[in-house]
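Down below is the structure, laid out as structure tokens.
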Amino acid sequence: MDYSSEATITIATATYASGAWDNITGPNATMAAVISDTFTSAGTDITACSLTVNNNATVVISSGNTVTLS
């Protein structure tokens, strides 16, 4: 018997561009975060399952804020 099979897993993504998250609220622990523009946390923590910073994007995590990847 052949027990191999193909599976497709889709992970939701929240993208930060043009000064805002495309889903309004930003990522959560089950989503991938993509930053494509200048981002400063300024009182906001980031929690995501992965984080991608695209070319030329600047990311500043302010003192007291955290980035948690789960």
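The values are calculated or read from the model by the stated rules, or taken from the named source; none is laboratory data. Keep in mind the model is a prediction, meaning the values are calculated, not measured. For neighbour counting, all protein chains shown are included, and Cβ atoms are generated from backbone atoms with ideal geometry for every residue, glycine included. Ligands, DNA and RNA are excluded from the accessible area calculation, which covers all protein heavy atoms including side chains. Shrake-Rupley method; radii C 1.70, N 1.55, O 1.52, S 1.80 Å.
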Seminar exercise, completed: If we ask which residues in the range 1-34 are part of a strand (DSSP E or B) and β-branched (Val, Ile, Thr), their number turns out to be 3
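The rows are residues; the columns are (1) open to solvent by 70 Å² or more (accessible area, probe 1.4 Å); (2) of a type in the set (A, V, I, L, M).
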{"residue": "MET31", "(1), (2)": "no, yes"}
{"residue": "THR38", "(1), (2)": "yes, no"}
{"residue": "ILE46", "(1), (2)": "no, yes"}
{"residue": "VAL59", "(1), (2)": "no, yes"}
{"residue": "SER62", "(1), (2)": "no, no"}
{"residue": "SER70", "(1), (2)": "yes, no"}
For this session: Looking only at the range 1-18, count how many residues are touching a strand residue (DSSP E or B) at 6+ places or on another chain (Cβ under 9 Å) and either surrounded by 14 or more Cβ atoms within 10 Å (Cβ to Cβ) or closer than 14 Å to THR58 by Cα (or both).
Result: 5
Exercise. In this structure, does THR68 turn out to be over 19 Å from ILE9 (Cβ atoms), in a strand (DSSP E or B) and either touching a Ser or Thr at 6+ places or on another chain (Cβ under 9 Å) or modelled with pLDDT under 95 (or both)?
Worked result: yes
